[in-house]
Amino acid sequence: MFIQTEATPNPATLKFLPGKVVMEKGTADFRSLEEAQTSPLAARLFAIPGVTAVYFGYDFVTVTKEDQEWQHLKPAILGSIMEHFMSGQPVMGGAANLAEMTDEEGEFFEDGDETIVATIKELLETRVRPAVAQDGGDITFKGFRDGTVYLNMKGACSGCPSSTATLKHGVQNLLRHFVPEVQAVEAL
């Protein structure tokens, strides 16, 4: 098994491409060992000292580290990903995890804004998320209130130094262009 790695705009996050489907549907974002217990792969990665976050996309895994150097962490991460896929274990532990993967959980917007929200979601799905996934992250809709779109930053996007620029200059400008009701974009 050959696992490719790619740098992301976030220097604390590295993208791993195992050459296999990681998440058939949805995504999963783990920020602690406790959260990682729902995934055998995430738990295995959190067992490596220095790993602070794990994110699963369709065909990639992003890992975020604390202070250690990648040259010291990368072999252990590669080995853990390889061992997991060779073992035949599932990436996620079962149906109990579906709530974590649904992007619509906890969304908020005013009655009457359904059309605006549908347009925002469609733009995010077709224009923003594919580009952000190339960098090992994800941006999902969380809410719309008083002209402000609230988004969740996941994977490499969470904590990335360039995420503010991505939000303000990329996503905000795109949404304002196509949806005049959008005045601002904020990360939650």
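The values are calculated or read from the model by the stated rules, or taken from the named source; none is laboratory data. Keep in mind the model is a prediction, meaning the values are calculated, not measured. Using ideal geometry, Cβ is built from the backbone for each residue, glycine included, and neighbour counts are taken over all protein chains shown. Surface accessibility is based on the protein's heavy atoms, side chains included, excluding ligands, DNA and RNA. Shrake-Rupley method; radii C 1.70, N 1.55, O 1.52, S 1.80 Å.
Structural remarks
- Condition check for T38: of a type in the set (S, T, N, Q) and under 20 Å from A133 (Cβ atoms): no
- Of the helices (runs of 4 or more DSSP H) lying entirely inside the stretch 92-188, those carrying at least 1 residues that are polar (S, T, N, Q) and modelled with pLDDT of 85 or more are 114-123, 172-178.
- For the stretch 47-57, a tally of residues being of a type outside the set (A, V, I, L, M) and in contact with a Ser or Thr (Cβ under 8 Å, 6 or more places away or on another chain) returns 4.
Residue-by-condition table, conditions (1) of a type outside the set (V, I, T); (2) at positive phi; (3) out of contact with any Asp or Glu (no Cβ under 8 Å at 6 or more places or on another chain):
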site: P11; (1), (2), (3): yes, no, yes
site: L14; (1), (2), (3): yes, no, no
site: V22; (1), (2), (3): no, no, no
site: G26; (1), (2), (3): yes, yes, no
site: L45; (1), (2), (3): yes, no, yes
site: G50; (1), (2), (3): yes, yes, no
site: Y55; (1), (2), (3): yes, no, no
site: T64; (1), (2), (3): no, no, yes
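- Across the stretch 129-139, the qualifying residues are those that are in contact (Cβ under 8 Å) with a residue 60 or more places away in the chain and open to solvent by less than 40 Å² (accessible area, probe 1.4 Å), and the one among them that is nearest to I116 (Cα to Cα) is D138.
- Positions within the stretch 55-71 being touching a residue at least 60 places away in the same chain (Cβ under 8 Å) and under 10 Å from K15 (Cβ atoms), in sequence order: Y55, G57, F60, T62
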